[in-house]
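What follows is one structure encoded as structure tokens, with my remarks underneath.
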Amino acid sequence: QVQLVESGGGLVQAGGSLRLSCAASGRTFSYYRMGWFRQAPGKEREFVACIRWSGGSPFYSESVKGRFTISRDNAKDTVYLQMNSLKPEDTAVYYCATDIRLTTMTASYWGQGTQVTVSS
């Protein structure tokens, strides 16, 4: 099994920044893409960003493009999400995910989530 553990969430004012981390443990696999989804109160879970296992071809939702940056470390077992110019509408639980398939916007493995709250 693969475990994904997110960290770095918290409370920040609008315009501020946060950096989320996702560390994998247990048996790991070289899935093609891994990244982040988020779920705001009363809303469905939505795709945020993903990156190939090699660290190439980052892909973002239009709502975060230009503000968020996804990256991986050299060991390919940790993914980061640098969030800048945060807006109140970014408030959500952010979930790390791996084996993301863009055709269906689904994933095989999920973390427990970390809360991001942006105040105005």
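For the range 69-120, the share of accessible area belonging to carbon and sulfur comes to 45 percent (1.4 Å probe, ligands and nucleic acids excluded).
For the options Lys87, Lys65, Lys43, a Gaussian network treatment of the chain with springs between C-alpha atoms closer than 10 Å singles out Lys43 as fluctuating the most. Surface exposure of the chain, expressed per residue as accessible area with a 1.4 Å probe, stands at 53 Å². Shape analysis of the range 1-52 yields a ratio of the Cα radius of gyration to the Kirkwood radius, Rg/Rh, of 1.01. Of the residues Thr103, Thr91, Thr78, the one that moves most in a GNM of the chain with alpha-carbon contacts below 10 Å is Thr103. When the alpha carbon gyration tensor of the range 73-118 is reduced to an equivalent ellipsoid, the three semi-axes, largest first, read 21, 15, 11 Å. Here the range 6-120 has an Rg and Dmax of 13.2, 41 Å, counting Cα atoms alone. Counting Cα-Cα pairs of the range 50-106 in 10 Å increments starting at 0 gives whole-percent bin shares of 19, 54, 25, 1.
Can you give the net charge of the other residues whose Cβ lies under 15 Å from the Cβ of Trp110, counting K and R as +1 and D and E as -1? Counting the neighbours of Trp110, the net charge comes to 0.
The values are calculated or read from the model by the stated rules, or taken from the named source; none is laboratory data. Note that this is a predicted model, so its numbers are computed, not measured. Every residue, glycine among them, receives a Cβ derived from its backbone with ideal geometry; neighbour counts consider all protein chains shown. Heads up: the accessible areas ignore ligands, DNA and RNA and are worked out on the full protein's heavy atoms, side chains in. Shrake-Rupley method; radii C 1.70, N 1.55, O 1.52, S 1.80 Å.
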